[in-house]
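Chemist: Before anything else, here's the structure in question.
The values are calculated or read from the model by the stated rules, or taken from the named source; none is laboratory data. What you see is a predicted model; the values in this text were computed from it and never measured. Every residue, glycine among them, receives a Cβ derived from its backbone with ideal geometry; neighbour counts consider all protein chains shown. With ligands, DNA and RNA removed, areas are computed over all heavy atoms of the protein, side chains included. Shrake-Rupley method; radii C 1.70, N 1.55, O 1.52, S 1.80 Å.
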Amino acid sequence: MCSSDLTPVLLGSGGGEAADVRVGNPKRVVFVVFDELPTESLLDGSGRVDAALFPNFARLAATSTWYRNESTVAPYTQTAVPAIVTGRYPGGPGVLPTATEHPDSLFTLLGGTYHTNVHEASETLCPRSICANRSVAGSSGGWRGLVGSTARLWQQFASPDRREINFIFDEDAATRNSLASGRTFVASLRPTRGPVLDYLHVELPHQPFHLLGDWRDYVETKLPGTEVLVWPDAVTAESGHQRHLLQAQAADTLLGRIMDRLRAIGAFEDTAIVVTADHGIAFGDDQVLRSVDGTNTDQIMWTPLFVKVPGQREIGRAHV
């Protein structure tokens, strides 16, 4: 079995060990990866973050360095997130988003110096040897994950009560649990004596769209076209866009709670904060949501990247 292609699935994310690296002056690192969030969605029409719609992204932008040319290297989470945490271009379609397949990552780089507080979505990129207590919002790994995925696919394909067929990781579960995952992460931010890596990948503002900025959940109406990842007409695409912006405000609220929590525990000033997204989403008549076709590059490829270094109080300037 250990030589089988199923090994990464059955054994979970056991691969990867802490690198023999010591950080000379370690500071707390808070790394947040949002999902399906284009930079364009945050803008006010003049190249700035819209402070009226997204006050917390604007607040972060005012005390960090905004890398405006940041772009994703893949339009899907299973390949985009591993690229973010490893700094390497995605492998082939058969490469799973697990630590076994990606043994060298942010987690292994800092694992020898930092304690880890890791909250992943459907991927398991942090090895068990480093992140024994990690939280995964989507399906679990190992035998339990395999059995759960099999049951889910049976319900989608063979059950009399068939649902939409989805042969990828259980993104739906991660999306359903996005608010719970965000709340858990905020609560997990506590004062520490040693350096800690606080990492969150949260499926916000990822579809399905059903959240308002204050996290109220309105009755979801399934948008036509999302089953095949294509907007069927301009009206549906615009409806999806407006609902996406509402859910992006929910992501903004989460960011605000993270920053407020860091201030409350006295950690904001001396913490390195990185906020980005794995990929964007496009909204156009008869347009594929996440495949670049020459007309939607700005919506899919360009994602936000804000970096606040310890001691930074102004845009692009650190006070150390």
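Chemist: Accessible area per residue, 1.4 Å probe, Å², for the range 52-102: what's the number?
Modeler: Result: 47 Å² per residue.
Chemist: Sticking with this structure for a sec: Search the structure for amide H atoms under 5 Å from the amide H of Ser122, placed 1.01 Å from N in the peptide plane, and list their residues when 5 or more places away or on another chain.
Modeler: Correct list: Gly138.
Chemist: Here's another thing I want to ask about it. Which cross-chain or sequence-distant (5 or more) residues have an amide H under 5 Å from the amide H of Val30, H modelled 1.01 Å from N in plane?
Modeler: Close amide H contacts, sequence-distant or interchain: Asp198, Ala272, Ile273, Val274.
Chemist: Using the Cα centre as the reference, give the magnitude of the dipole from point charges on the C-beta atoms of the range 181-271 (Lys, Arg: +1; Asp, Glu: -1; all else neutral), rounded to the nearest 20 debye.
Modeler: 420 debye
Chemist: Apply the a/c threshold of 1.5 to the C-alpha gyration tensor of the range 189-320 and tell me whether it is rounded, prolate or oblate.
Modeler: prolate
Chemist: Along the charge dipole of the range 186-249, which of Val235, Gln207, Val186 sits closest to the positive end, that is, farthest toward it, with unit charges on the beta carbon of Lys, Arg, Asp and Glu (+1, +1, -1, -1)?
Modeler: Looking along the dipole axis, the top candidate is Val186.
Chemist: Continuing with this model, one more query. So for each of 241-254, 261-274, 50-63 I average, over its residues, the number of other beta carbons within 10 Å; can you give me the resulting order with the highest mean first?
Modeler: Order by mean packing, descending: 241-254, 50-63, 261-274.
Chemist: Per residue of the range 305-313, in order, report the coupling 6.51 cos²θ - 1.76 cosθ + 1.60 (Karplus, θ = phi - 60°) as ³J(HN,Hα) in whole Hz, putting x for Gly and Pro.
Modeler: Using θ = phi - 60°, the values come out as 8, 10, 10, 10, 8, x, x, 7, 10 Hz.
Chemist: Follow-up. Which order do peptides 187-200, 73-86, 18-31 fall in by mean Cβ count within 10 Å, highest first?
Modeler: Per-residue Cβ counts within 10 Å, averaged per peptide and sorted highest first, yield 73-86, 187-200, 18-31.
Chemist: Please tell me the relative contact order of the range 178-279 in percent, rounded to the nearest whole number, where contacts are Cα pairs under 8 Å and at least six residues apart.
Modeler: So the answer I get is 32 percent.
Chemist: Net charge around Ala99, counting only other residues with Cβ within less than 11 Å of its Cβ (Lys, Arg = +1; Asp, Glu = -1)?
Modeler: -3
Chemist: Take each of the peptides 282-294, 114-126, 207-219, average the number of other beta-carbon atoms within 10 Å over its residues, and list them starting from the highest.
Modeler: 114-126, 282-294, 207-219
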